[in-house]
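Working notes, beginning with the structure itself.
Please treat every number below as a calculation from the coordinates, not as lab data. Note that the coordinates shown come from a computational prediction; the quantities given were computed from them, not determined experimentally. In this analysis, Cβ positions are derived from the backbone assuming ideal geometry, glycine residues included, and neighbour counts consider all displayed protein chains.
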Amino acid sequence: MRRRPDQGYGAGMVEVNPDGHGRLRREHSTLQAPEPARPAKTGDVARIAFALEVGGEAQDTGGQEIETEIGSGEVFKEMGVSAVAMPGGEIVPAAQRGTIDAAEWIGPADDLNLGLHTVWKNYYLQGLHQSTDIGEVLVNKTVWSKLSPDLQEMMRTAALASMAETYSYNVYKNAMAVKKLREEFKVTIHDTPKDFFPEFVRATKVVLAKYADKDPFFKQVLDSQRDFAVNVVPYWTKILDLYSNLGNAALQQK
């Protein structure tokens, strides 16, 4: 079971998680230490569609194929996109052969390292395919049980600290990568068309419902996350508007 730290420590997910951890322990003799998931941020998990020009309508995919993750691939297929999953190292060669028309990878810095800009010159920055970035630590159950409580707490704290450090580091790393893509490699940076967002939410609900109908534990976790989101999403969306509005005001006055 994967979770955000705020959800885990403030919304009952700690009570739900032991069942999921129990599955993991029974099947693999491992224990999942409480790990945080970094909230997605603009440019960290970027929607890369260097070659795919959508033309303003979410349903207009033109029969083109996008390489994407397996989970989000199901959502994109529900939207009418021909999505395929492949190892990262095969993305650029497939693009060069014309097998795929666009791709999603990780974020600007990692996309730059992978060389996607050598094939495509249009980049859609806001990522749809991954709303959170998961970081997890799997520890052998026997080893974990032998650790003293203070050492277990040190591991939990180190995991949280690592995610906080990574978050700050990646904001800067990805910002510099966007600058390099635009200025050195002449990549055009686009905003993801606004009509994609409600369509992605609709398709996601369809896919989640399919899994919830098949797996009672999946439904239990999904219901818990939705209960959490009822109050948190309206608040956090307003706070993000604050950051966006202040940032845009500052950029306009520079």
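Annotations
- The percentage of C-alpha pairs in segment 109-209 whose separation is greater than 20 Å is 61%.
- Of the residues Ile239, Ile91, Ile106, Ile189, the one with the fewest other Cβ atoms within 10 Å heads the list, and the complete ranking is Ile239, Ile189, Ile106, Ile91.
- Fewest-first ordering of Lys205, Lys146 by other beta carbons within 10 Å of each residue's beta carbon gives Lys146, Lys205.
- Exposure proxy for Leu147, Leu128, Leu251, Leu160: other Cβ atoms within 10 Å of each Cβ, ordered fewest to most, give Leu251, Leu147, Leu160, Leu128.
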